[in-house]
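A short worksheet on the structure shown next.
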Amino acid sequence: MECSLNMKPRWERRKEARPQELLAAALDLFVERGFASTRLEDVAKRAGVSKGTLYLYFTNKEELFKAVVRNSVVPAIGAVEEDIAGFSGHSAELLR
């Protein structure tokens with residue numbers, strides 16, 4: 001079996017993707033259940049990791065939520081602001 005020098009082991013590639021997997025799982029659950037009803041155990045299960053692994057990346061639910069907002073909500077708001085800034089029609093057209 002030939003191995004490229006640039007290829008990382010599968011477990012290491014997975015480790016690099018893990019924060020995004022956790023954020024995606026958390027976003028789904030926060031949307032489905034709300035902040036109060038979302039448990040870290042459920043986020044870990046949805047992401048396919050242990051609760052201990054989740055704690056390696058996020059110290060508590062509040063920190064996880066902040067990261068979800070930074071990674072998902074803030075970029076979406078920025079995109080909307082760009083659309084609004086570049087719009088030259090009437091406001092009624094913008095809201096359609």
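The values are calculated or read from the model by the stated rules, or taken from the named source; none is laboratory data. Keep in mind it's a predicted model, so treat the numbers as computed, not measured. So basically every Cβ, Gly included, is an ideal-geometry build from the backbone, and we count neighbours across all protein chains shown.
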query: For segment 57-93, how many residues are under 19 Å from residue 16 (Cβ atoms) and either modelled with pLDDT of 95 or more or in contact with a Gly (Cβ under 8 Å, 6 or more places away or on another chain) (or both)?
result: 5
task: State yes or no: is residue 68 assigned to a helix (DSSP H, G or I), out of contact with any helix residue (DSSP H, G or I) (no Cβ under 8 Å at 6 or more places or on another chain) and not acidic (Asp, Glu)?
output: no
statement: Within segment 25-54, residues surrounded by fewer than 13 Cβ atoms within 10 Å (Cβ to Cβ) and of a type in the set (Ser, Thr, Tyr) come out as 37, 50
- line: Restricting attention to segment 74-96, the residues that are among the β-branched types (Val, Ile, Thr) and in contact with a helix residue (DSSP H, G or I) (Cβ under 9 Å, 6 or more places away or on another chain) number exactly 1
- request: Might you let me know whether segment 35-50 holds any residue that is outside any loop (DSSP other than H, G, I, E, B) and over 16 Å from the mean Cα position of the chain (by Cα)?
  value: yes
